[in-house]
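For reference, the structure discussed in these notes is given below.
The values are calculated or read from the model by the stated rules, or taken from the named source; none is laboratory data. Bear in mind that the values here come from a model prediction, so they are computed numbers and not experimental data. Counting neighbours? That spans all protein chains shown, and the Cβs are built from the backbone with ideal geometry, glycine included.
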Amino acid sequence: MTAKRIDGKAFAAGVRAQVADHVARLKADHGLVPGLAVVLVGEDPASQVYVGAKGKQTVEVGMASFEHRLPAETSEAELLALIDRLNRDPQVHGILVQLPLPPHLNSDLVINALDPAKDVDGFHISNVGRLGTGQKSMVPCTPLGCLMMLRDHLGNLSGMNAVVVGRSNIVGKPMAQLLLGDSCTVTIAHSRTKDLAAVCRGADILVAAVGRPEMITGDFVKPGATVIDVGINRIERDGKTKLVGDVDHASAAEVAGAITPVPGGVGPMTIACLLANTLTACCRANG
Ligand code: GUN
């Protein structure tokens, strides 16, 4: 069996088109322009690429993009002062602080200084608590993108066995909450899980978010399962730099019913969901 490819790039283009359409109507009917502020501290090369892509796509859907690139030695007080300013700025509906922050900055403190209504990453403790208790919240972009692709491919997820490999605050934990919200039976597995392959083989839905290149091989996959690969790992192979996921795509695709590629799977959906969350924040702020 060769798995169906779940095309995140095409799906994300569709989400962006819907967002752009809604933004155009907000502008025409209410004179409103949703605004997203992205804060980057330091010169981490991967973060610079992500922040550049976010700014470009924000403008492409008709929103206002406010980029704040701060030096690595920015103090906590300076960063908190900027966040306070953005919290109070009516043109800014969404704020994203790119992670990881330099080690001298306390990211929990910084994230929890955001106005929860503008926290388009869904990382503020109030949004985390709201998601966990089924209240209206901002939902983290990567797991939201995964959920959208799963619903699109599988329809109703109720009763399915879902295994999430990885327990990060950004992906693993909120992904598990979202799947639970869709009535899946959810297991959170991780690098210390005993007989991880056997646990994964029980999954109708397998979400890999461990951050280890090609760790999930075909023998971890139940025949016909839907596999979502959240990993983005840069590896050297045959003298070239290559992007690979947390799933060994070739062997997993032999067994799975459907699978997301890397690149072109989850990655593009993350930014599309960020734009959708910014639009949501703007609509909520303006009644
Ligand atoms: N760094 C890696 N992923 C993310 C994300 O989804 N949001 C933010 N703010 N930083 C990240």
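Would you list the strands (runs of 3 or more DSSP E) that sit entirely within segment 201-279 and hold 2 or more residues that are in contact with a helix residue (DSSP H, G or I) (Cβ under 9 Å, 6 or more places away or on another chain) and modelled with pLDDT of 95 or more? Lay out the reasoning, then the answer.
Details: elements: 205-208, 226-229, 233-237, 240-244.
Strands (runs of 3 or more DSSP E) meeting the threshold: 205-208, 226-229.
Does segment 93-108 contain at least one residue that is exposed (fewer than 14 other Cβ atoms within 10 Å of the Cβ), at pLDDT 95 or above and within 14 Å of the ligand (Cβ to nearest atom)?
So far as segment 93-108 goes, yes, one or more of its residues are exposed (fewer than 14 other Cβ atoms within 10 Å of the Cβ), at pLDDT 95 or above and within 14 Å of the ligand (Cβ to nearest atom).
Please give the number of the condition Thr217 fails out of (1) surrounded by 18 or more Cβ atoms within 10 Å (Cβ to Cβ); (2) in contact with an Asp or Glu (Cβ under 6 Å, 6 or more places away or on another chain); (3) farther than 24 Å from Gly132 by Cβ; (4) of a type outside the set (Asp, Glu).
For Thr217, the exception is condition (1).
Quick check on Ser168: is it more than 17 Å from Ala208 (Cβ to Cβ) and among the polar types (S, T, N, Q)?
Considered against the rule, which asks whether it is more than 17 Å from Ala208 (Cβ to Cβ) and among the polar types (S, T, N, Q), Ser168 comes out as no.
Go through segment 79-92 and report how many residues are within 14 Å of the ligand (Cβ to nearest atom) and surrounded by fewer than 19 Cβ atoms within 10 Å (Cβ to Cβ).
0
Please specify each residue of segment 32-60 satisfying the condition of being more than 16 Å from the ligand (Cβ to nearest atom) and either free of Cβ contacts under 8 Å to residues at least 40 places away in the same chain or in contact with a Ser or Thr (Cβ under 9 Å, 6 or more places away or on another chain) (or both). Full working, then the answer.
Residues of segment 32-60 more than 16 Å from the ligand (Cβ to nearest atom): 32-35, 56, 59-60.
Passing the criteria: Pro34, Gly35, Lys56, Val59.
Can you pull out every residue in segment 125-148 that is touching a Ser or Thr at 6+ places or on another chain (Cβ under 7 Å) and not small (Gly, Ala, Ser)? Show your work before the answer.
Let us first name the residues in segment 125-148 that are touching a Ser or Thr at 6+ places or on another chain (Cβ under 7 Å), namely 127, 130-131, 141-142, 145.
If the condition is that a residue be touching a Ser or Thr at 6+ places or on another chain (Cβ under 7 Å) and not small (Gly, Ala, Ser), then Asn127, Arg130, Leu131, Cys141, Thr142 are the ones that fit.
List the residue pairs whose Cβ atoms are under 7 Å apart, where the first residue sits in segment 213-236 and is assigned by TED's automatic domain parsing to the domain that holds Ala256 and without any contact (Cβ under 8 Å) to a residue 60 or more places away in the chain, the second is among the polar types (S, T, N, Q) and surrounded by 24 or more Cβ atoms within 10 Å (Cβ to Cβ), and the two are 6 or more positions apart or on different chains.
Between residues of segment 213-236 that are assigned by TED's automatic domain parsing to the domain that holds Ala256 and without any contact (Cβ under 8 Å) to a residue 60 or more places away in the chain and residues that are among the polar types (S, T, N, Q) and surrounded by 24 or more Cβ atoms within 10 Å (Cβ to Cβ), the close pairs are Asp229/Thr260.
Scan segment 55-76 and tell me whether some residue there is among the aliphatic types (A, V, I, L, M) and under 16 Å from the mean Cα position of the chain (by Cα). Even if it seems obvious, please write down each step before you answer.
Pass one, segment 55-76, residues among the aliphatic types (A, V, I, L, M): 59, 61, 63-64, 70, 72.
Then keep just the ones that are under 16 Å from the mean Cα position of the chain (by Cα); that gives none.
So far as segment 55-76 goes, no, none of its residues is among the aliphatic types (A, V, I, L, M) and under 16 Å from the mean Cα position of the chain (by Cα).
Can you name the residue in segment 64-78 that is over 17 Å from Val51 (Cα atoms) and not small (Gly, Ala, Ser) and is also farthest from the ligand (Cβ to nearest atom) among such residues?
Step one: of segment 64-78, the residues over 17 Å from Val51 (Cα atoms) are 73-78.
Still in the list and also not small (Gly, Ala, Ser): 73-74, 76, 78.
Values: Glu73: 20, Thr74: 16, Glu76: 17, Glu78: 18 Å.
For segment 64-78, the residue satisfying everything is Glu73.
Scan segment 119-142 for residues that are within 24 Å of Val247 (Cα to Cα) and either in contact (Cβ under 8 Å) with a residue 60 or more places away in the chain or surrounded by fewer than 22 Cβ atoms within 10 Å (Cβ to Cβ) (or both) and jot them down. First the steps, then the outcome.
Quick first cut of segment 119-142, residues within 24 Å of Val247 (Cα to Cα) only: 140-142.
Matches in segment 119-142: Cys141, Thr142.
Are there any pairs, at least 6 apart or on different chains, whose C-beta atoms fall under 9 Å, with the first in segment 98-113 and of a type in the set (Ser, Thr, Tyr) and the second surrounded by 12 or more Cβ atoms within 10 Å (Cβ to Cβ), and if so, which?
Listed by first residue and then by second, the contacts come to Ser107/Val97; Ser107/Leu99; Ser107/Pro100; Ser107/Leu101; Ser107/Phe123.
Search segment 145-158 for residues that are within 15 Å of Gly224 (Cα to Cα) and among the acidic types (Asp, Glu) and pair each with any residue that is modelled with pLDDT of 95 or more and surrounded by 15 or more Cβ atoms within 10 Å (Cβ to Cβ) when their beta-carbon atoms are under 6 Å apart and the residues are at least 6 apart or on different chains.
Hits for this filter: zero, empty list.
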